[in-house]
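The values are calculated or read from the model by the stated rules, or taken from the named source; none is laboratory data. Note that the structure is predicted; figures quoted are calculated from it, not measured. Quick reminder, even Gly has a Cβ in these numbers, built from the backbone with ideal geometry, and neighbours come from all protein chains shown.
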Amino acid sequence: MTVAARRRENGPGVDDFMSSTFLNLALIWRQVLAYLAAAALVALVAPLLGQRLSGLLLFLYFAGQYWLFKALLKARGLLETPRNHRLAFGALALLLILPILFGLALLVLPGLFLVSRWIAAPSFIVACGLGPFAAARESWDAVRGHTLRIAVAVAALFVIASLAGAALNAAGAALGVAGPPSRNGPVGTVGLQFLPLLLLGLSVATYQLIGPRDRTIEDIFG
């Protein structure tokens, strides 16, 4: 059996998820640079405006993530609805953050499993307009049978983001622009965005490669 035939039978491999992740981010590189520049600017200005900006910063983070998801899904031709679903997008984060953090606290592996099973949920919301519970369920079902491969991809992306962030911080320190160690300045803030950006690329890659399901038969006979 050829490699191509084996992939058709077994589904995409780790290398497919990884390569699609980076291709996705390359596809919207202008938006990614704008997002990182905005993150650096917010980090630069935030200390001047006081300590009561956590809610605003969180809103800006989710707004930026939603904007990137929509831009990438549109570029990939996967955007099925022109409407905005920011509330569902934010609600999904609130819904999943506690079980994922709890899982990460349990020797990491349960959290890695949950991240893998729910990785495509944001894409289901932005692309299809699903609610947070429906999106989480669709992602869970779509990833079934591919969990280990996606978990390996998530772990690899975490290592890549950590190394890239450390290199950026070292470069910032060498240039004297990293800021104090006790607080993330613009350079540290940009470094912290590497993992969310990589997971964004993987989310859309997962949605593109293994979801959504074809519901034609369900629509006819359901």
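Of a type in the set (Val, Ile, Thr), more than 20 Å from Gly191 (Cβ to Cβ), surrounded by 15 or more Cβ atoms within 10 Å (Cβ to Cβ) and modelled with pLDDT under 95 - does that describe any residue in the stretch 11-24? Please lay out each step first, then the result.
If we filter the stretch 11-24 for residues that are of a type in the set (Val, Ile, Thr), which is where we start, we get 14, 21.
Still in the running and more than 20 Å from Gly191 (Cβ to Cβ): 14.
Filter once more, keeping what is surrounded by 15 or more Cβ atoms within 10 Å (Cβ to Cβ): 14.
So of that shortlist, the ones also modelled with pLDDT under 95 come out as none.
No, every residue in the stretch 11-24 fails to be of a type in the set (Val, Ile, Thr), more than 20 Å from Gly191 (Cβ to Cβ), surrounded by 15 or more Cβ atoms within 10 Å (Cβ to Cβ) and modelled with pLDDT under 95.
Here Glu138 meets each of (1) out of contact with any helix residue (DSSP H, G or I) (no Cβ under 6 Å at 6 or more places or on another chain); (2) crowded, with 16+ Cβ neighbours inside 10 Å; (3) at pLDDT 80 or above; (4) not basic (Lys, Arg) with one exception, condition (1).
Contact map, the stretch 63-85: first residue under 16 Å from Ile119 (Cβ atoms) and in contact (Cβ under 8 Å) with a residue 60 or more places away in the chain, second residue of a type in the set (Ser, Thr, Tyr) and surrounded by 14 or more Cβ atoms within 10 Å (Cβ to Cβ), Cβ cut-off under 7 Å, separation 6 or more or different chains; pairs are Leu68/Tyr35; Phe69/Ser123; Leu73/Ser123; Leu78/Tyr207.
Taking the stretch 134-177 as the range and being part of a helix (DSSP H, G or I) and among the basic types (Lys, Arg) as the test, the residues that pass are Arg137, Arg149.
Among the residues of the stretch 141-178, just one is crowded, with 19+ Cβ neighbours inside 10 Å, in contact (Cβ under 8 Å) with a residue 12 or more places away in the chain and farther than 26 Å from Val204 by Cα, namely Asn169.
Residues of the stretch 112-145 that are among the small types (Gly, Ala, Ser) and within 15 Å of the chain's Cα centre (by Cα): Ser116, Ala120, Ala121, Ser123, Ala127, Ala135, Ala136, Ser139. Only one of the listed residues (Leu78, Leu112, Leu72, Leu92) is crowded, with 19+ Cβ neighbours inside 10 Å and under 20 Å from Asn24 (Cα atoms). That residue is Leu72.
Condition first: farther than 23 Å from Leu58 by Cβ, surrounded by 16 or more Cβ atoms within 10 Å (Cβ to Cβ) and modelled with pLDDT of 95 or more. Can you find one or more residues in the stretch 193-206 that meet it?
The initial filter retains those residues of the stretch 193-206 that are farther than 23 Å from Leu58 by Cβ, namely 205-206.
From what is left, the residues that are surrounded by 16 or more Cβ atoms within 10 Å (Cβ to Cβ) are 205-206.
Still in the running and modelled with pLDDT of 95 or more: 205-206.
The answer is yes; a qualifying residue exists.
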